[in-house]
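Data first, discussion second: the structure below is written as structure tokens.
The values are calculated or read from the model by the stated rules, or taken from the named source; none is laboratory data. Bear in mind that the values here come from a model prediction, so they are computed numbers and not experimental data. Note that each Cβ is placed from the backbone with ideal geometry, even for glycine, and that neighbours are counted across all protein chains shown. Protein only, heavy atoms only, side chains kept; ligands, DNA and RNA dropped before computing areas. Shrake-Rupley method; radii C 1.70, N 1.55, O 1.52, S 1.80 Å.
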Amino acid sequence: MENFNFYSPTYFAFGKGREADCGKLVKQFGGSKVLIHYGGGSVVRSGLLDQVKESLKQEQLDFVELGGVKPNPRSGLVYEGIELCKKEGVDFVLAVGGGSTIDSSKAIAAGVVYDGDFWDFYQGKWIEEALPVGTVLTIAAAGSEGSPDSVITNEDGMIKRGASGDAIRPKFSVLNPELTETLPAYQTACGITDIIAHLYERYLTNSKDVEVTDRLIESLILTMKTEAPKVMENLQDYEARANIMWAGMVAHNNIVGVGRSQDWTSHQIEHELSALYDCAHGAGLAVTMPAVFTYNMNHDVMRFSQIAVRVWGCQMDFAHPEVTAKEGIKALQNFLCSIGMPKNFEELGAKEEDIEKLAYTCCYGKGNEGGRIGGFVPLEQKDVEEIYRLML
Ligand code: NZQ
Ligand code: ZN
């Protein structure tokens with residue numbers, strides 16, 4: 001196991017009705033004038049926005065509102081939010097929605113206290129300072145409710161990039177599984193896929209002797225394997241949604257990723273797909289993961305066969321571990337298809353003729369002069385092109 005630091009100070013208020021505590025929590029973490037940031041309207045229709053406002057009013061907290069965050073959140077609204085916060089003297093950003101709303105809130109929070117262009121952070125500058133952020137989560141997926149990360153798409157060129165810093169880790173996150181019951185089946189499945197991807201990105205490591213985190217990751221994927229069919233069968237299954245919601249947080253606040261190198265190839269390759277085709281991040285990952293794993297399998301066949309046996313119930317073939325490894329990748333893909341996820345470029349709405357461009361932007365688009373991606377296996381543009389071809 002490698003040396004590590006683990007710092008994850010988010011306060012979680014979990015369970016039914018906890019959104020009523022929003023006002024108290026904002027006060028507890030020093031807010032007095034709040035920006036309530038939200039998405040395309042689901043929180044208006046569900047009545048959640050009104051409940052959150054009521055909770056702030058009860059604590060005599062002032063607030064302004066900014067809605068309209070799109071999935072794969074855009075830079076334009078971030079600039080608008082930064083201006084609004086400066087004009088109104090906002091000192092706390094409250095995200096009410098999914099990962100996109102949370103990420104847009106984090107970008108605004110960092111941008112308000114920064115003299116330069118907030119996009120600098122998405123080109124590699126570490127976020128040292130930000131307004132405090134709180135969240136009321138409505139979809140179990142991205143894990144942004146407990147992460148120090150934010151992913152934004154710059155409308156100038158539709159470039160999707162991430163930024164990080166402990167300053168944008170939410171001060172508190174309200175996790176009420178009931179709030180996810182209005183999610184349609186497709187979005188629910190996209191979230192489940194993203195959670196599984198966050199676990200695989202950490203599982204695929206070159207670090208040795210990381211049994212505790214290996215076992216934690218396996219148990220979380222096993223949980224998704226049992227809970228996902230229940231929630232797909234009954235979208236109002238509170239207990240299944242509760243287990244998935246907490247798994248989504250645990251999968252991505254890095255408690256299961258410490259002391260080990262991580263991969264993130266599938267995310268880097270997927271981000272080009274959701275940037276170009278505006279598909280859901282989870283749907284993109286469903287198509288990307290099996291292709292990446294198939295391409296990288298021979299780098300460590302035993303790791304892929306280990307997860308095949310321990311999670312997907314495959315029989316270990318000691319003479320041919322590559323057969324077991326392949327079966328595990330197939331089992332993952334079958335599982336994702338069973339919950340309604342796409343399996344190839346066509347089902348995702350991606351185009352073969354874009355492959356070269358996708359691979360180029362993936363490898364070089366971040367000002368990455370070396371042109372390599374991947375923490376598990378270093379990959380160049382030609383490898384990434386081949387991986388995209390495996391998705392046809
Ligand atoms: O915008 P509204 O109307 O709220 O509708 C949303 C949106 O259309 C809808 N939705 C959310 N909660 C709902 C609901 N509809 C009905 N009932 C509810 N309770 O679902 C749609 C998707 O929402 P979005 O916020 O985009 O989903 P998600 O949480 O999957 O976030 C995806 C974004 O997070 C990024 C992704 O790249 C993508 O841009 N990621 C962020 C990470 C991070 N910050 O740590 C890590 C992830 O790997 C990921 O990259
Ligand atoms: Zn993700």
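Some observations on this one:
- What the pair-distance distribution of the chain shows, using all Cα-Cα distances binned every 10 Å from zero, is 5, 24, 34, 25, 10, 2, 0 percent.
- In this structure, ARG372 and ALA319 have a Cβ-Cβ separation that, at R0 = 41 Å, corresponds to a calculated FRET efficiency of about 0.75.
- In the chain, Cα pairs under 8 Å separated by at least six residues give a relative contact order of 15 percent.
- Label point distance in nm, VAL44-GLU83, each placed 7 Å from Cα along Cα→Cβ: 2.0
- Cross-link pairs LYS208/LYS351; LYS326/LYS382; LYS27/LYS87; LYS27/LYS225 - those with Cα-Cα distance over 30 Å: LYS208/LYS351; LYS27/LYS225
- For the range 298-392, the carbon plus sulfur part of the accessible surface works out to 48%, probe radius 1.4 Å.
- Projecting the alpha carbon convex hull of the range 1-46 along each direction and taking the average yields 6.1 nm².
- Largest GNM mean-square fluctuation among GLY111, GLY124, GLY248, using the chain with Cα springs under 10 Å: GLY124.
- In range of the label at ASP120: residues from the range 145-162 whose backbone nitrogen is under 20 Å from the point 7 Å along Cα→Cβ: 149-156, 161-162
- Percent RCO, i.e. relative contact order, over the range 171-314, from Cα pairs under 8 Å lying at least 6 residues apart: 33
- 13 Å cut-off, amide nitrogen to a point 7 angstrom out along LYS33 Cα→Cβ, residues in the range 74-106: 83-93
- Ellipticity estimate at 222 nm from DSSP helix runs (n ≥ 4, -39,500 (n - 2.57)) divided over the chain, nearest 500: -15000 deg cm²/dmol
- When both bridge partners sit in the range 58-163, DSSP labels roughly 45% of those beta bridges antiparallel.
- Note on GLU54 and MET1: with the Förster distance fixed at 45 Å, the Cβ-Cβ geometry gives a FRET efficiency of about 0.45.
- Based on the convex hull around the alpha carbon atoms, the range 255-392 presents an average projected area of 9.0 nm².
- Rounded percent of accessible protein surface that carbon and sulfur make up, the range 99-140, 1.4 Å probe: 42
- Potential lengthening between ALA185 and LEU235 on full extension [0.36 nm per residue; Cα-Cα distance subtracted]: 17.3 nm
- Of the GluC sites (Glu not before Pro) in the range 89-165, the ones in a loop by DSSP (not H, G, I, E or B) with at most 14 other beta carbons within 10 Å are GLU128, GLU129, GLU155.
- Residues SER8 and GLU155, FRET efficiency given R0 of 25 Å [Cβ-Cβ distance, rounded to 0.05]: 0.20
- Over the chain, accessible surface divided per residue gives 41 Å², non-protein components excluded, 1.4 Å probe.
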